[in-house]
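Heads up, the thing below is written out as structure tokens.
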Amino acid sequence: MMIDLVEVAERSRTGVKMASRDWELGLFKKIEELIKEHNLGFSKAEEFLNTDNSVADAAFKAAVDFIVDVGAYCISTGRIIRFSEDEVKDAIKAAPREIVMGEGKDVRIFKQGKIEGKEPLNICPGHHAPFTEDLGTLVVKNFAQIPRADFLEGFNFPEVDGREILGPPLEAYASRKQAAYLREGIRRAGKPGMAIVYYPISTRASSFLSVLDQECGLRSTDGVLFTLLPDVKIEYDYLTSAIIYEQHGFFGVNGSFGIMGGFCGGPEGAAVESIARTIVGWMVYRDKLHYPGVEHMLTLTATKMTFHPINNARSVVYQALNRNSNAIYMEWVIPSSELCTEEHLWESAVRSIEGTINGANLYAHRVSRPRMNAGQTPLEAEFMIEVSDATLKAGLKRGDGGELLKKITGRLEGRSSVQGKTIQECYDLVKHRPSAEYGEIYGKVKKDLADLGLEFE
Amino acid sequence: MSEEEILGNLRQAVLNYDSDGAIKAAEEAIKANVDPLKAIEEGLAPAIREVGERFHRYEIYLPHVIIAADAMTAAMRILEAALPKDRVLKRKAIVIGTVEGDIHEIGKNVVAIMLKVAGFEVYDLGIDVKVSSFIDKAQAKGADVIAMSSLMTTSMPNMGDLIEELRSTNLRERFKVVVGGGPVTQGYADKIGSDGFGRDGDEAVKVVKRLVGVQ
């Protein structure tokens, strides 16, 4: 039987006590053992996308073994939460394969994609990026206007009503304002029932719970970003909120990607951790939607453009989840180069192609380390959708797709990330269109991609 | 055992992430009257630098660096205890943590361990650290630098609050302050009056070294 969230809370209070550093080092040791035991060595493969199903299945088995052998760690109590093998397997079986989100004419079904599939994927076009309050509603309206948008995530801002957001009272107030900006933006776009996802202004329970409001905040058909912490750690503000949200009805979104180089080790370890965090996110927070994968520290710090073997590791994660579970997963399209640059769109194309071929829906396109008002514009979201559709139309399989990615990344690999522009400098939010300069860059990259074999409408 | 062999054993113990081996080699160094300072500078220091370079090249990962640094620390304790008081190394000390209201720690962990590898005495206060805890610890340990990390725009203001608190208690000149984390920029660091900003672990180490005058 699927584990109850109150039981998770109970175990977090009664489990074995352990220092955080001991947990982290133990996690590394266990993952190293599992990599050997399951013969996972895909970081040495030359291919850009995994084509061997047995590798994906072995990675999934390693992740299940990891959860059964190690469990999760509660940082609020410093205790380990253990799960039986049956509990893990029951949870995997019980996970939904689709989510009905939104209301009325704007209701959408968000589902697991197919590896080398033919159907268009689901899309969250944007946010999870910083914008100043003055742009809030207008930015939301622009992203909601994208016809294929299934849901929108909130955004963060450093000030509310001109006051610095610091401390629980202002955080709770700002959280409600975020939900209000989202509601107003989608209403202005003519999509009042579109699902919205609360992006935590802070990770305190008071902030999470302040947005529960049928009129001005979240409805039971909306979602919340409830990310399991790296190194398979959970904490009480999230768990408290998850228990309450579960009773209201919602969908949780889980950033379950592993970071290469951390306590999970290299690409293989990060892949195993990511699969494990996807499963555990469902078990402890009831997360139904995930953005798993593997990321490189240099991408997250927007230092260098890095691809291989990270692409391959990410594809193993997606395929593992697709072949062995119902997990509904998305590729987070996070170029390290900034807006209004060719590099930004090339990096975006790489992610959109690899996600599409691996059955990953597309999520919140944004610069990996966004500056204020410089994280995203609707143009890249539209571009991401066009590239995904063109990939489907070209009928790219994993092998051919990997070869295409090799060609594209050949011109980018190891280069420093490129600085770009803010949304005000490269996009007209009133006319809902890019600047002439950005439009030209977009046209050039799209033409080059068509020359490489993608079939745009 | 020759001095060269003992220095080699110290190096190898760190490169092999072997605390027991490092302790044994340090004890052998003392027994054989090897200059403890030489054992540190020619045995341990080049090895931990090599570990840092391997980490930088992504040949090894965070846990390796932590275990190697633990091995180095274990040997250092023995060697430093054997140094005459006037030759005891005074390493620059840093208090580091993720600011209050923020529970993200990967970036902070990387910076903390890279500073340790670079030879600093690092006091890692963890996550969700109050302004007062940073300052109290820095005073208690006689730290030179306070380093703060934040991954959320709503926890960033605590960085400015700490600097303000240092000013209001006449401690601003006592500590160098460096900041970093996802949403933090050089512009933000300048705005709040931070002495330095690090985009990533490498940059953080360079900035801290420059601020405290270490090569």
When only residues in segment A:108-128 that are among the small types (Gly, Ala, Ser) and either surrounded by fewer than 24 Cβ atoms within 10 Å (Cβ to Cβ) or more than 29 Å from A:ARG204 (Cα to Cα) (or both) count, which is farthest from the other protein chains (Cβ to nearest Cβ)? A:GLY117
Strands (runs of 3 or more DSSP E) fully within segment A:250-290 counting 2 or more residues that are more than 10 Å from chain B (Cβ to nearest Cβ) and crowded, with 24+ Cβ neighbours inside 10 Å: A:251-254, A:287-290
Being touching a helix residue (DSSP H, G or I) at 6+ places or on another chain (Cβ under 9 Å), on the phi > 0 side of the Ramachandran plot and outside the structural domain of B:MET152 (by TED's automatic domain parsing), is that true of even one residue in segment B:42-52? no
Quick one: B:ARG210 ticks every box in (1) in contact with a helix residue (DSSP H, G or I) (Cβ under 7 Å, 6 or more places away or on another chain); (2) more than 14 Å from every other protein chain (Cβ to nearest Cβ) bar one, so which box is it? (1)
Those residues of segment B:111-139 which are farther than 26 Å from B:GLU50 by Cα and within 13 Å of chain A (Cβ to nearest Cβ), in sequence order: B:LEU125, B:GLY126, B:ILE127, B:ASP128, B:LYS130, B:VAL131
Name the residue that is nearest to the other protein chains (Cβ to nearest Cβ), counting only residues in segment A:313-340 that are touching a Phe, Trp or Tyr at 6+ places or on another chain (Cβ under 6 Å) and in a helix (DSSP H, G or I). A:VAL316
The one condition in (1) free of Cβ contacts under 8 Å to residues at least 12 places away in the same chain; (2) under 13 Å from A:VAL284 (Cβ atoms) that A:GLU33 fails to fulfil: (2)
Going by what's in this entry, would B:LYS108 be described as under 19 Å from A:PHE263 (Cα atoms) and away from chain A (no Cβ under 12 Å)? no
Search segment B:35-63 for residues that are within 14 Å of chain A (Cβ to nearest Cβ) and pair each with any residue that is among the aromatic types (Phe, Trp, Tyr) and not in a helix (DSSP H, G or I) when their beta-carbon atoms are under 6 Å apart and the residues are at least 6 apart or on different chains. B:LEU62/A:PHE263; B:PRO63/A:PHE263
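The values are calculated or read from the model by the stated rules, or taken from the named source; none is laboratory data. Model, not experiment: these values are computed from the prediction. Positions of Cβ are generated from backbone atoms using ideal geometry, with glycine treated the same way; all protein chains shown enter the neighbour counts.
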